[in-house]
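Engineer: Would you mind keeping the following structure in view while I ask a few things?
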There are 2 protein chains.
Amino acid sequence: MSAEPLRIVKTSVEKVDGIRLVTGAAKYTDDFGMPGLLYAKVLTSPHAHARIISIDTEKANALAGVRAIFTADDVPAVRHTKAGQSYPEYSPYDHVILDKKVRFIGDRVALVVAESLKIAEQALALIEVAYDVLPAVFDMEQAMQAEIPPIHDEDDAVGIYDASRNVASYRAIDIGDVQQGFQEADVIVEHTYRTQRTKHCALETHSSMGYLDENGRLVIITSTQVPFHTRRQLSQILDLPMTRIRVIKPRIGGGFGNKQGMFLEDLVAVAVLKTRKPVKLIFERSEEFIGGYSRHPQIIRIKTGAKRDGTLVAQEMHVIGNTGAYGDHAPSIQECTGRKVLPLYSIPNIHFDVHAVYTNLPVCGAFRGYGAIQGFFATECQIDEIAAQLNMDPLEIREKNRIRQDDTDRVAEAFGDAEERVMLSCGLDECIERGAKAIGWQEKRGKPSDGVMKRGVGMACAMQASGIAGVDWGSATIKLNDDGTFGLFVGATDLGTGSDTVLTQIAAEALGVDLSDIYIIASDTDLTPFDVGAYASSTTYVSGGAVKKAADQVRTAILTAAGEMFEEKVENLTYHPAETPDSRCYVANKREQRLSLKEIALYAMNQGKRQITATASNMSHTSPPPFTAQFAKVEVDTETGQITVLRYVAAVDCGVAINPALAEGQVEGAVTQGLGYALFEEMVFDDNGRLLNPNFADYKLPNAFDMPKLETILVETYEASGPYGAKSVAEVPINGPAPAIANAVYDAIGIRITDLPLTAEKVLTALKKSES
Amino acid sequence: MSAEPLRIVKTSVEKVDGIRLVTGAAKYTDDFGMPGLLYAKVLTSPHAHARIISIDTEKANALAGVRAIFTADDVPAVRHTKAGQSYPEYSPYDHVILDKKVRFIGDRVALVVAESLKIAEQALALIEVAYDVLPAVFDMEQAMQAEIPPIHDEDDAVGIYDASRNVASYRAIDIGDVQQGFQEADVIVEHTYRTQRTKHCALETHSSMGYLDENGRLVIITSTQVPFHTRRQLSQILDLPMTRIRVIKPRIGGGFGNKQGMFLEDLVAVAVLKTRKPVKLIFERSEEFIGGYSRHPQIIRIKTGAKRDGTLVAQEMHVIGNTGAYGDHAPSIQECTGRKVLPLYSIPNIHFDVHAVYTNLPVCGAFRGYGAIQGFFATECQIDEIAAQLNMDPLEIREKNRIRQDDTDRVAEAFGDAEERVMLSCGLDECIERGAKAIGWQEKRGKPSDGVMKRGVGMACAMQASGIAGVDWGSATIKLNDDGTFGLFVGATDLGTGSDTVLTQIAAEALGVDLSDIYIIASDTDLTPFDVGAYASSTTYVSGGAVKKAADQVRTAILTAAGEMFEEKVENLTYHPAETPDSRCYVANKREQRLSLKEIALYAMNQGKRQITATASNMSHTSPPPFTAQFAKVEVDTETGQITVLRYVAAVDCGVAINPALAEGQVEGAVTQGLGYALFEEMVFDDNGRLLNPNFADYKLPNAFDMPKLETILVETYEASGPYGAKSVAEVPINGPAPAIANAVYDAIGIRITDLPLTAEKVLTALKKSES
């Protein structure tokens, strides 16, 4: 732990971009414009599965103001991403910019670029496409029976597990001997849980704008979580060196995983390179719903065995995930349903297997929770079932089996992950204790009320990760200005989470200066060092670690300069942080002579003749999980089946919260998103695979009226591997609401709903069924 | 010397920004626009010397479209530049943004900001200023007699040598015993030379645009040679931390010293901060002539003693320079008339003194040659006079006395400069030899022709510097991209000289890659490391040295990564440059296994988990002079006095020319500018101090018809202290034309003109005088 008392870390400072955000000065992708800007629009497939026989663009091309039309014949056919040319990729390479086959309603067919959006839209209607319609499949279990033409029959796709059966990926692991384990169990429960397809619903849709700069380089301004990956992918598919591509991330209106890969950028890039003009492509909300990524629906069959005293002895989990028309993150997300979920309880014998299956539906991809949210719904419901069977308090059985500090994550070991997985910090006990107290667990649990309106309480625990150990890394550069202020350059990507603020806090703390003494420049592939991007709850832990390292190196360089000025050994000097928010830090020698940072900076300029600066990279061999225990108090209207969440407590161990207000904001946002997942969010398709609710009228998001009184408890642990003791917070809270609410409903009405969302219709049907 | 054969250095590659320059895609300051842009215009003084009693802006403010008017009351009154708050500054601090006294016709009085340029111009006419007109002085010798109110009587000016006598600065040095020296001389000559005021005439005038970015930071896009100094000066006068200021240098249309300090940026900054709108201020040509800097006119009294065999034994030089209304670079430029000129010949006894004097004329400042051009006109004419007295060949007396390799610059020692001044390289002998051969010196000299048209040849030698030793420094950052290409970030400023190309060549050479594998980002105070800027012929030598160091460090980091990949000690690896222009470099181990740069880059990304990058700073303790010997062949029309330069040879030792074509371009440009200085350029004032020729019709620049056949000879030496053996080239050739042509005129007609420019009128007057 840092020897100095903390000054800025652990403080809810205002966001460094707060003023521009609230004044509307912040620039998002759509706020950028240029003279001669062209507008792009995507023609999409009306069929769920078809071959394109021909595309006649003559009429569309003849429309005044149409500048270019692209079909599969006009663009590079490089599969994303070529194997062996990049970092490890887990996904099948089953996707090209534009293909000659369409695989879902909404799949890309052609791109129009025109002088106005209106003309582009008119041109779409003038493109005539002849399709050879193929049989389609939407159900993932049916898809594996291979009675239709395989969705992916292309010759050059790589990495598909079994294309003929539409299986994108398969994986299985075993720990101990699960059959033996079940033989030792006194009680065994088995259920099948089903989760639905949901949508990220970031306020900003996918948005990209491209242009050629004055030197003819391709510049893409884009709403992305991964500027450097986008540059890499563009470089590969366009066969352009990275010196010719610049990706700029401006302010972003949310990502939640939906912007975790190249998306519209490839289309914009080909349009810019062809027309040599600036081109903008912004998805409308309906396009976002259909064409953007969504959360994998899963079927999770799970069986758990326990001793009479509640000790869990065996667990078997079989997952099928519906990835839709393309693979994207299919393998890794499905695997994470086991990888991130199964370590929560220490179970000696485990079997886990997973299939990711192609169907003719929109594509599923990364989404906050990343497989864990589905898995925890299943396991956290089932542990309540075991508790019920054993007549135990669900809190007690959790407390008995839960992972503890210094435990090793054996699931990660079984997956062969090259990680150190000893829990250096674990505040799950305190999360459970403080959360239970806040909700009034002891008084309220197992006390079903009389009458029509029945109340109950439920709980769930969860964990997640802090970046991907051994994989994710980031870099930071810190540059001393000649007035003693600093520039901080990070490749990390603030999506609205406040990570620019958190990283500036880390730098300010380490450098002993005020926040206003540092200006952060983030996420521009030209200007900042590499960072994998914002995903897997990694930014504070991984990129923050890079900032801390760079700051420490700059501190050393400053001390070295001060040593030259004092003609004193560096070990005789002390680096003092600012004593008031307005004062800069200073260096003092043993005779208590002082040098201000400004004096040292001027010395470096005038006599030292050097730019004091450092770049540091950070990759962690651990991925310390944050933990959460969440508690819901619900009321169920037994006449309508309507569930109302009255109160909600989320206790979260995210290590040291660098900025508690921002951490609480993340918890509140994640719980809200989890609440929508639990209660009503669902993408609904007709029999032809057409999305029926691609808008916020028909796709229900939680609003202020849906929100319970929400209490957030930050349980502080000190994670020695993280910057200033920090772990992560972004994802873990989203895992709680679905099982906590389902368990509360069970507590209220004794009925177990195993399908998400927990709609009134399902509750009422179940109530009627149980009465009959 | 580099062990590897050179691949890119010493090659005349195309400029890295060449295509955008010739296609018009390059963006200069005036090419930037923004919605809501306001236009600024400066109200200037009609009086050469006056106090401002009052300024009535009511009518101007009432004009529709006027947004703001600034007078001295509205802006910070911080003198540029506060002592003790910055790097060493040599100048008096006698200048504020807007003052209550005006000191020349054209001095700033007020600033108008309006919605259009037309409205701003109309508003200027509506501002009513009441002046208390003071007596003015324009002649520098008169100005020192203090019979008028002192030009600088302000209380808070700092560093003026004697304000009551209008002496901005004074300095004297002595080497040996000059009186003793003259006693030993067999021949002594003494003359007074006068040089005129000339103008830089960069194609782009002073141009600045400012705005507040989305975070409320002040951004200044400006045509400057010194972005980092501009940031510092803005920070000081506006009392803003550097985190709140960004200075961007776009493409620049020439500087020649005129843009070597804050100029319009302060006005634009106050206008932006007040109006919160983008503001642009572009000088018209006439404003540039009057309000911009010009070259110091000097009166140089010089006396030289020689032995009968031509050995120079004593020299005495008294300089008075007219700095105009403000000090600016007055002390250092005037000192350089001795500092850079006197070392050319080894003279044991020297006295030098210099006064810089205020007058009520436009301000003089830095200008290519920086004091040396005036001095060499005097010394190189006078050495011909001695040769004439001794009946020696002027070439011979120069060759006899000239500075040689391994000599020490005793003048620099006498000035107390903290420099190592041993000449590591000196190709002056070869410059003289090859230049003389090219012009046909032996055949043509001393052969005056009969008839009206008389021909003659003349020569001159000169030297300069490569940055200021112990003062100037720069930094560079090199970042490896994940495809094996590089980003190069330099604070150095390409003014059109091609330094971006030269620095990229140095990086490409050191990294073993092709030019197209590197993208350079230059001169943005946010994005690049510090550099003092482009002046004193420093960029290739000083900033190029930083690029070389950074590249060497990156090379080491690449080798380290390759060592990890091969599991081999780094010393067993060899770094091979690209074998063809298309192939990337590679690293091979002793078993001849190869790794491409791309493979190593991917390793660093995927396994190494680090951003390979380095930042290096470079300051040199030496400032190796480039040398030149120049030869002119002229024809003088004795009926009109007209001089025609028929042929011109410039032989230059600039060390190793990184890009010979660009070096030759610099020589050609400097000789052309020197030719205008020699023959016809001159700013002419009326008796009230009003400039009579503020335009290209009345101020004569050399055009194609004025140009002789010009031959450039690059004499290669290897300067061990410079990157790849380079010294500098930008300034030294400008020093030659005036004395070479004056000496050729003497050779043709036996008449010595000691006043520049060498107009027909002066020649004819002198001819008539000599006849009578």
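Engineer: What's the total number of residues in the range A:365-416 that are among the aliphatic types (A, V, I, L, M) and crowded, with 24+ Cβ neighbours inside 10 Å?
Structural biologist: Residues of the range A:365-416 that are among the aliphatic types (A, V, I, L, M), as a first pass: A:366, A:372-373, A:378, A:383, A:386-388, A:390, A:392, A:395, A:397, A:403, A:411-412, A:414.
Next, only the ones that are crowded, with 24+ Cβ neighbours inside 10 Å stay: A:366, A:372-373, A:378, A:383.
Looking only at that region, the number is 5.
Engineer: Quick check, is residue B:132 over 28 Å from the mean Cα position of the chain (by Cα), surrounded by fewer than 18 Cβ atoms within 10 Å (Cβ to Cβ) and touching a residue at least 24 places away in the same chain (Cβ under 8 Å)?
Structural biologist: So residue B:132 fits the description; yes.
Engineer: Now a separate question. Give me the pairs: first residue in the range A:185-204 and touching a residue at least 24 places away in the same chain (Cβ under 8 Å) and under 30 Å from residue A:30 (Cβ atoms), second residue β-branched (Val, Ile, Thr) and crowded, with 20+ Cβ neighbours inside 10 Å, beta-carbon distance under 7 Å, and six or more apart or on different chains, which are they?
Structural biologist: Partner pairs satisfying both residue conditions: A:204/A:252.
Engineer: Here are B:440, B:456, B:451, B:446: which of them is away from chain A (no Cβ under 14 Å), modelled with pLDDT of 95 or more and surrounded by fewer than 24 Cβ atoms within 10 Å (Cβ to Cβ)?
Structural biologist: Selected residue: B:440, the only one of B:440, B:456, B:451, B:446 that is away from chain A (no Cβ under 14 Å), modelled with pLDDT of 95 or more and surrounded by fewer than 24 Cβ atoms within 10 Å (Cβ to Cβ).
Engineer: Also, I was wondering about something else. Identify the residue in the range B:471-501 that is within 12 Å of chain A (Cβ to nearest Cβ) and assigned to a loop (DSSP other than H, G, I, E, B) and, among all such residues, is modelled with the lowest pLDDT.
Structural biologist: So in the range B:471-501, the residues within 12 Å of chain A (Cβ to nearest Cβ) come out as B:471-491, B:500.
Restricting the remaining residues to those that are assigned to a loop (DSSP other than H, G, I, E, B) gives B:471-472, B:481-485, B:491.
On the way: B:471: 85, B:472: 90, B:481: 94, B:482: 88, B:483: 90, B:484: 92, B:485: 94, B:491: 95.
If we take residues in the range B:471-501 being within 12 Å of chain A (Cβ to nearest Cβ) and assigned to a loop (DSSP other than H, G, I, E, B), then B:471 is modelled with the lowest pLDDT.
Engineer: Here's another thing I want to ask about it. Going through the range B:163-182 one residue at a time, which ones are out of contact with any Ser or Thr (no Cβ under 9 Å at 6 or more places or on another chain) and outside any helix (DSSP H, G or I)?
Structural biologist: Across the range B:163-182, the qualifying residues are B:167, B:170, B:171, B:172, B:173, B:174, B:175, B:176, B:177.
Engineer: Still on this structure: Among the numbered conditions (1) in a helix (DSSP H, G or I); (2) closer than 20 Å to residue B:463 by Cβ; (3) out of contact with any strand residue (DSSP E or B) (no Cβ under 8 Å at 6 or more places or on another chain), tell me where residue B:675 comes up short.
Structural biologist: Residue B:675 satisfies every listed condition except (3).
Engineer: Looking only at the range B:207-257, which residues are among the β-branched types (Val, Ile, Thr), within 11 Å of another protein chain (Cβ to nearest Cβ) and not in a helix (DSSP H, G or I)?
Structural biologist: Taking the range B:207-257 first, the residues among the β-branched types (Val, Ile, Thr) are B:219-222, B:224, B:226, B:230, B:237, B:243, B:245, B:247-248, B:252.
When the remaining residues are screened for being within 11 Å of another protein chain (Cβ to nearest Cβ), the result is B:243, B:245.
Scanning the range B:207-257 gives a single hit, B:245.
Engineer: Right, here's the next one. Take the range A:14-61 and flag every residue that is over 30 Å from residue A:105 (Cα atoms), surrounded by fewer than 21 Cβ atoms within 10 Å (Cβ to Cβ) and of a type in the set (A, V, I, L, M, F, W, C).
Structural biologist: A:19, A:21, A:22, A:25, A:26, A:32, A:34
Engineer: Another question, if that's okay. Consider the range B:508-517. How many of its residues are within 12 Å of chain A (Cβ to nearest Cβ) and either within 23 Å of residue B:248 (Cα to Cα) or hydrophobic (A, V, I, L, M, F, W, C) (or both)?
Structural biologist: The qualifying residues number 3.
Engineer: Inside the range B:301-357, can you point out the residues that are closer than 30 Å to residue B:102 by Cα, among the hydroxyl-bearing types (Ser, Thr, Tyr) and either out of contact with any helix residue (DSSP H, G or I) (no Cβ under 7 Å at 6 or more places or on another chain) or surrounded by fewer than 24 Cβ atoms within 10 Å (Cβ to Cβ) (or both)?
Structural biologist: B:326, B:332
Engineer: Any residue at all in the range B:704-711 that is within 20 Å of residue B:433 (Cα to Cα) and of a type in the set (Gly, Ala, Ser)? First the steps, then the outcome.
Structural biologist: In the first step, residues of the range B:704-711 are kept if they are within 20 Å of residue B:433 (Cα to Cα); the result is B:709-711.
Then drop every residue that is not of a type in the set (Gly, Ala, Ser), which leaves none.
No, the range B:704-711 contains no residue that is within 20 Å of residue B:433 (Cα to Cα) and of a type in the set (Gly, Ala, Ser).
Engineer: If you don't mind, there's one more thing I want to ask. Is it the case that the range A:160-170 has a residue that's surrounded by fewer than 20 Cβ atoms within 10 Å (Cβ to Cβ) and on the phi > 0 side of the Ramachandran plot?
Structural biologist: No, the range A:160-170 contains no residue that is surrounded by fewer than 20 Cβ atoms within 10 Å (Cβ to Cβ) and on the phi > 0 side of the Ramachandran plot.
Engineer: Moving on. Determine, yes or no, whether residue A:558 is hydrophobic (A, V, I, L, M, F, W, C), under 15 Å from residue A:15 (Cβ atoms) and modelled with pLDDT of 95 or more.
Structural biologist: no
Engineer: Across the range B:579-602, what is the number of residues that are out of contact with any Ser or Thr (no Cβ under 6 Å at 6 or more places or on another chain), more than 9 Å from every other protein chain (Cβ to nearest Cβ), touching a residue at least 40 places away in the same chain (Cβ under 8 Å) and buried (at least 20 other Cβ atoms within 10 Å of the Cβ)?
Structural biologist: 4
Engineer: Quick one: would you say residue B:329 is at pLDDT 95 or above and more than 29 Å from residue B:651 (Cα to Cα)?
Structural biologist: No: the conditions fail for residue B:329.
Engineer: Does the range A:107-120 include one or more residues that are over 35 Å from the mean Cα position of the chain (by Cα), modelled with pLDDT of 95 or more, crowded, with 17+ Cβ neighbours inside 10 Å and over 23 Å from residue A:234 (Cβ atoms)?
Structural biologist: The answer is yes, given that some residue of the range A:107-120 is over 35 Å from the mean Cα position of the chain (by Cα), modelled with pLDDT of 95 or more, crowded, with 17+ Cβ neighbours inside 10 Å and over 23 Å from residue A:234 (Cβ atoms).
Engineer: While we're here: If I go through the range A:518-554 residue by residue, how many of them are within 14 Å of chain B (Cβ to nearest Cβ), acidic (Asp, Glu) and surrounded by fewer than 24 Cβ atoms within 10 Å (Cβ to Cβ)?
Structural biologist: 2
Engineer: Still on this structure: Report, ordered by the first and then the second residue, all pairs with beta carbons closer than 6 Å, sequence separation of six or more or different chains, a first member in the range A:644-665 that is touching a residue at least 60 places away in the same chain (Cβ under 8 Å) and part of a strand (DSSP E or B), and a second member that is basic (Lys, Arg) and crowded, with 24+ Cβ neighbours inside 10 Å.
Structural biologist: What qualifies is A:646/A:633; A:647/A:633; A:655/A:727.
Engineer: Quick test for you: out of B:301, B:276, B:295, B:339, pick the one residue that is in contact with a Cys (Cβ under 9 Å, 6 or more places away or on another chain), in contact (Cβ under 8 Å) with a residue 12 or more places away in the chain and either closer than 30 Å to residue B:223 by Cα or not hydrophobic (A, V, I, L, M, F, W, C) (or both). Quick ask: steps written out before the conclusion?
Structural biologist: Values: B:301 fails: in contact with a Cys (Cβ under 9 Å, 6 or more places away or on another chain); B:276 fails: in contact with a Cys (Cβ under 9 Å, 6 or more places away or on another chain); B:339 fails: in contact with a Cys (Cβ under 9 Å, 6 or more places away or on another chain).
On inspection, the qualifying residue turns out to be B:295.
Engineer: Looking at the range B:417-437, which of the residues that are at pLDDT 95 or above, within 23 Å of the chain's Cα centre (by Cα) and small (Gly, Ala, Ser) is surrounded by the fewest Cβ atoms within 10 Å (Cβ to Cβ)?
Structural biologist: For the range B:417-437, the residue satisfying everything is B:425.
Here's the yes/no breakdown for (1) assigned to a loop (DSSP other than H, G, I, E, B); (2) surrounded by 22 or more Cβ atoms within 10 Å (Cβ to Cβ):
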{"residue": "A:688", "(1), (2)": "yes, no"}
{"residue": "A:699", "(1), (2)": "yes, no"}
{"residue": "A:710", "(1), (2)": "no, no"}
{"residue": "A:729", "(1), (2)": "yes, yes"}
{"residue": "A:739", "(1), (2)": "no, yes"}
{"residue": "A:748", "(1), (2)": "no, yes"}
{"residue": "A:752", "(1), (2)": "yes, no"}
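Engineer: Also, I was wondering about something else. Any chance the range A:196-210 includes a residue that's of a type in the set (Lys, Arg), in contact with a strand residue (DSSP E or B) (Cβ under 8 Å, 6 or more places away or on another chain) and closer than 30 Å to residue A:304 by Cα?
Structural biologist: Yes, the range A:196-210 contains at least one residue that is of a type in the set (Lys, Arg), in contact with a strand residue (DSSP E or B) (Cβ under 8 Å, 6 or more places away or on another chain) and closer than 30 Å to residue A:304 by Cα.
The values are calculated or read from the model by the stated rules, or taken from the named source; none is laboratory data. Predicted, not measured: the structure shown is a model, and the values here were computed from it. When we count neighbours, we look across all protein chains shown, and the Cβ atoms used for this are built from the backbone with ideal geometry, even at glycine.
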